[in-house]
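Below is one structure; the comments refer to it alone.
What follows draws every value from the coordinates through simple rules; no lab data is involved. Bear in mind the structure is a predicted one, so any value in this text is a computation, not a measurement. Counting neighbours? That spans all protein chains shown, and the Cβs are built from the backbone with ideal geometry, glycine included.
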Amino acid sequence: MQLQFAMDTLTTDDALRLAQAAAPHIDILELGTPLVKSEGFSAITAVKEAHPDKTVLADLKTMDAGELEADEAFKAGADLVTVLGVAGDSTISGAVQAARKHDKGVVVDLIGSPDKARRAKEVIDLGVDFVEMHAGLDEQAEEGYDFRSLLEAGRQSGVAFSVAGGINAGSVQEVQEAGAQVAVAGSAIYSAEDPGAAAERIKANITA
């Protein structure tokens with residue numbers, strides 16, 4: 001299982017600092033949606049140029065104009081982009097078309113999807129690489145939140161999936177045992193006093 005680092009910062013400088021600290025233990029560097037909105041596609045280029053050996057994911061959360069947004073992100077250096085699962089099939093298919101042109105990939109983010117397992121199966125048939133079982137920061141803050149519902153949705157889907165929703169060193173093994181291809185950690189790394197050490201602890205709990 002791969003480890004993805006969601007850098008939910010607002011500046012390219014902060015993203016580069018975090019990426020530099022965590023990169024030795026990370027497989028996928030994610031430019032969080034706040035960063036892409038704040039700094040634009042130039043942030044993608046900066047991170048990819050600094051870490052050409054890493055897979056760079058631009059968390060666009062595209063809802064419309066799938067081909068256009070994906071195409072621009074791929075030209076900026078992204079290897080993967082996200083499209084929302086609640087978007088129309090034509091939007092997702094457009095992003096897939098752009099990915100095929102650039103030999104890149106599309107991840108469908110299922111945040112807000114009422115039936116994640118069902119939608120996961122539908123979008124895989126549209127040609128996306130994998131889906132993300134995702135609970136956002138607001139949902140995580142709600143009373144009664146349990147990330148295990150994401151794991152169950154992943155199991156039920158029967159497709160390639162990642163999990164994002166408060167993953168840390170203590171929970172990453174459960175994510176792997178559920179069959180996820182990618183575990184996404186954000187705050188557990190970027191909020192740590194030593195982001196590099198935090199990333200190392202999470203990575204150490206992923207078995208080969």
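Annotations
- Filtered chymotrypsin sites (Phe, Trp or Tyr not before Pro), region 115-206: DSSP coil and at most 15 other beta carbons within 10 Å: Y145
- For region 78-93, putting each phi into the Karplus relation 6.51 cos²θ - 1.76 cosθ + 1.60 with θ = phi - 60° gives couplings of 5, 9, 9, 10, 10, 10, 6, x, 7, 6, x, 4, 5, 5, 5, 4 Hz, in residue order, rounded to whole numbers and with x for Gly and Pro.
- The longest stretch of the chain left intact once loop-based GluC sites (Glu not before Pro) with at most 15 other Cβ atoms within 10 Å are removed from consideration, loops following DSSP, is 1-141.
- Structure remark: mean-square fluctuation, Gaussian network model of the chain, C-alpha springs under 10 Å; the largest value among A15, A141, A180 belongs to A141.
- Working from Cα pairs under 8 Å separated by at least six residues, relative contact order for the chain is 20 percent.
- Full-extension gain in nm, D27 to S42, via 0.36 nm per residue minus C-alpha separation: 3.3 nm
- Scanning residues 5 or more positions from E132 or on other chains, those with amide H under 5 Å from its amide H are V108, D109, L110, S162, with H placed 1.01 Å from N in the peptide plane.
- A helix-only calculation puts the chain at -12500 deg cm²/dmol for mean residue ellipticity at 222 nm, using -39500 (n - 2.57) for each DSSP H run of at least four residues, averaged over all residues.
- Sparsely packed trypsin sites (Lys or Arg not before Pro) within region 89-169, loop by DSSP, other Cβ within 10 Å at most 16: none
- Note on A204 and A141: the extension gain reaches 20.0 nm, defined as 0.36 nm multiplied by sequence separation minus the Cα-Cα distance.
- Phi to ³J(HN,Hα) by Karplus 6.51 cos²θ - 1.76 cosθ + 1.60 over region 169-183, Hz, x for Gly, Pro: 4, x, 10, 5, 5, 4, 5, 5, 5, 6, x, 5, 7, 9, 9
- Each residue in S187, S90, S162, S171 was given a count of other beta-carbon atoms within 10 angstrom of its own, and listing them fewest first yields S90, S187, S171, S162.
- For the pair Q176 and L68, a Förster radius of 35 Å applied to the C-beta separation gives a FRET efficiency near 0.45, rounded to the nearest 0.05.
- What you get for region 2-204, charging only the Cβ of Lys and Arg (+1) and of Asp and Glu (-1), is a dipole of about 440 debye around the Cα centre.
- Calculated on C-alpha atoms, the gyration radius of the chain divided by its Kirkwood radius gives an Rg/Rh of 0.94.
- By other beta-carbon atoms within 10 Å, ranking T33, T207 with the fewest at the front produces T207, T33.
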